[in-house]
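The values are calculated or read from the model by the stated rules, or taken from the named source; none is laboratory data. No experiment lies behind these values; they were computed from the predicted model shown. Note that we place each Cβ from the backbone using ideal geometry, even for glycine, and neighbour counts take in every protein chain shown. Areas reflect the complete protein model, heavy atoms only, side chains present, ligands, DNA and RNA absent. Shrake-Rupley method; radii C 1.70, N 1.55, O 1.52, S 1.80 Å.
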Amino acid sequence: MRYADFGPHDIVLLLNGLGVSLTLFLTTSLVGVVLGALLAVVRYYRVLVARELVTFVTEMLKNSPVLVQLFLVFFGIPALFKIDVTPFEAAFFTLALNTAAFVYVIVVSAVESIDREQIEAGRVFGLTRWQVLRHVIAPQAVAFATGPLTALLVNQLQVTSLISVIGVVDLTKVGDILNMRTLKPFIVWTVVGVLYYLAAKIIALAGGFVERRLTAHSAWKGL
Amino acid sequence: MIRIENLKKAFGKVTVLDGIDLSIEPGEVVSILGSSGSGKSTLIRCINGLERIDAGRITVDDFDVSNPKELAEARKRSGTVFQLFNLYPHLSALRNVTLAPVEVLKRNAAEAEKEGRALLESVGLGDRADAYPAQLSGGQRQRVGICRALAMKPRYLLLDEVTSALDPEMTAEVLEILADLTGRGTTMIFVTHEVAFARSISDRIVFLDQGRLLVDLPCETFFAEDGGMANARVAQFLSKMRKD
Ligand SMILES: Nc1ncnc2c1ncn2[C@@H]1O[C@H](COP(=O)(O)OP(=O)(O)OP(=O)(O)O)[C@@H](O)[C@H]1O
Ligand SMILES: [Mg+2]
């Protein structure tokens, strides 16, 4: 099989790689969005210390390279705690936390962009803090956050390609393997690039659709 | 009854309310007048629990607003209409009106909706029930704001300059609704710069000046030469208002 030309099986290989990339992307996005949003809720309830701690951790996660975080989790943590971490586990853990950090920032600023007056109105009419969050803040914050979240997720999809470095056989790693075998880098990386592009485009379109639905109430503002 | 005793409120070092005593009986319409910065809005915000008070006591039907456990009950009894409407922009006019009845009073959604529609109908917004705030004029928004407060069937209605963000035509349409409410025996605490209107609907007029309650008189007495007008600050305020 050395230096062989492309064969039909390569399509399966590419699709498998794409599957791994998308699985990792979807699961880490889900965990990241839920975790980031939960942390923002903790901040809303003004839990003491938690806020400072969350701010510190998210700052670290946002301001250091994902690749370094990945190395820390894959090489550093097993060495320190004498535990085994598989490449997929390390990739999952790192990307989920990294996504959560960015989601946290997006959700917090979405919540803060909502007028205090409406929140006061809710409180005056006897809504609890939770009811205000649920009925007044959350629906609007979700609408505000959808745009930035979509942009973040498109970016996080690209970031998943870094995990090929620690040996996860994702789409990029498959590209690497095919490239080694066929020695046709232009074709291989074009195909891989187009696959990423298509996946990203679907995410962006879905995000745009959701955003338009959620902001229907402001359509007449002429903004 | 709303009872305010020796209320004090400061923002940092600035004392904004300085020993206010005031009681409002059910059925009364009390207007609060006073120049800008005299503390009128702050007084309203203390009554509905949006500001923490520094000293004194406020009770609404004997529920102490400073006590977190009693505040919820106090709030069920008073409804606030805001200067800038403060509607929920993502909810239709009808949902703005029904949110609190359904969530706080645990009313049945269909019933609340029926009553909400009837309320909107009564202020001439029957056909705008499904519009979002952004699709309504200022006057229409404030009418929704009034319905939202009335939907909770409050004993006391707190109104803070509810027409000052509106042009004269819209002001007239909102004042008409308020005049109608006083005719039906709603208790109102009415902060306003509309002196003529206050005079026409109020039982009592309270005058605030630099955080102090300077005058608290029956409406007719307040405007009499030997009544409220005998107070230099009141006379000065009223003559200034007439010029505007
Ligand atoms: N949140 C706040 N922080 C600091 N100072 C405040 C705050 N709210 C009000 N003040 C100050 O308290 C004083 C009274 O304000 P308030 O809004 O109660 O006056 P007002 O009588 O309602 O005036 P206006 O007629 O202009 O509405 C003002 O000097 C104002 O600057
Ligand atoms: Mg004011």
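Here are the numbers for this structure:
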{"read-out": "Search result, residues across the range B:94-115 that are open to solvent by less than 10 Å² (accessible area, probe 1.4 Å) and more than 22 Å from A:ILE137 (Cβ to Cβ)", "value": "none"}
{"read-out": "Members of the range B:139-151 found to be open to solvent by less than 20 Å² (accessible area, probe 1.4 Å) and within 14 Å of chain A (Cβ to nearest Cβ), listed by number", "value": "B:GLN142, B:VAL144, B:GLY145, B:ILE146, B:CYS147, B:ARG148, B:ALA149, B:ALA151"}
{"read-out": "Residue match in the range A:203-211 (condition: assigned to a helix (DSSP H, G or I) and within 14 Å of chain B (Cβ to nearest Cβ))", "value": "yes"}
{"read-out": "Residue count for the range A:92-113, restricted to those that are out of contact with any Pro (no Cβ under 9 Å at 6 or more places or on another chain), in contact (Cβ under 8 Å) with a residue 24 or more places away in the chain and closer than 20 Å to A:VAL132 by Cα", "value": "5"}
{"read-out": "Members of the range B:79-93 found to be within 20 Å of the chain's Cα centre (by Cα), facing chain A (nearest Cβ under 7 Å) and open to solvent by 20 Å² or more (accessible area, probe 1.4 Å), listed by number", "value": "B:PHE82, B:LEU84"}
{"read-out": "Of all residues making up the range B:152-171, the number that are closer than 20 Å to B:MET1 by Cα and buried (at least 19 other Cβ atoms within 10 Å of the Cβ)", "value": "7"}
{"read-out": "Lone qualifier among A:VAL85, A:VAL108 - being more than 30 Å from B:CYS147 (Cα to Cα), open to solvent by less than 80 Å² (accessible area, probe 1.4 Å) and assigned to a loop (DSSP other than H, G, I, E, B)", "value": "A:VAL85"}
{"read-out": "Considering residues of the range B:52-62 that are over 20 Å from B:THR186 (Cα atoms) and open to solvent by 40 Å² or more (accessible area, probe 1.4 Å) only, the residue nearest to ligand 1 (Cβ to nearest atom)", "value": "B:ARG52"}
{"read-out": "Selected residue (only one of A:GLU112, A:GLU59 is under 30 Å from B:LYS76 (Cα atoms), of a type outside the set (A, V, I, L, M) and more than 14 Å from chain B (Cβ to nearest Cβ))", "value": "A:GLU112"}
{"read-out": "Residue list for the range B:64-76, restricted to those being within 12 Å of chain A (Cβ to nearest Cβ) and farther than 30 Å from B:ASP130 by Cβ", "value": "B:VAL65, B:PRO68, B:LEU71, B:ALA72, B:GLU73, B:ALA74"}
{"read-out": "Of all residues making up the range A:43-58, the number that are surrounded by 12 or more Cβ atoms within 10 Å (Cβ to Cβ) and either among the basic types (Lys, Arg) or more than 13 Å from A:ARG129 (Cβ to Cβ) (or both)", "value": "8"}
{"read-out": "Which listed residue is under 30 Å from B:LEU166 (Cα atoms), within 16 Å of ligand 2 (Cβ to nearest atom), of a type outside the set (Phe, Trp, Tyr) and open to solvent by 60 Å² or more (accessible area, probe 1.4 Å), from B:SER36, B:SER122", "value": "B:SER36"}
{"read-out": "Looking only at the range A:139-169, and only at residues there that are out of contact with any Gly (no Cβ under 9 Å at 6 or more places or on another chain), without any contact (Cβ under 8 Å) to a residue 40 or more places away in the chain and buried (at least 19 other Cβ atoms within 10 Å of the Cβ), the one that is farthest from A:SER109 (Cα to Cα)", "value": "A:GLN140"}
{"read-out": "Within the range B:172-194, considering residues that are under 23 Å from A:ALA121 (Cα atoms) and within 16 Å of ligand 2 (Cβ to nearest atom), the one most open to solvent (accessible area, probe 1.4 Å)", "value": "B:HIS193"}
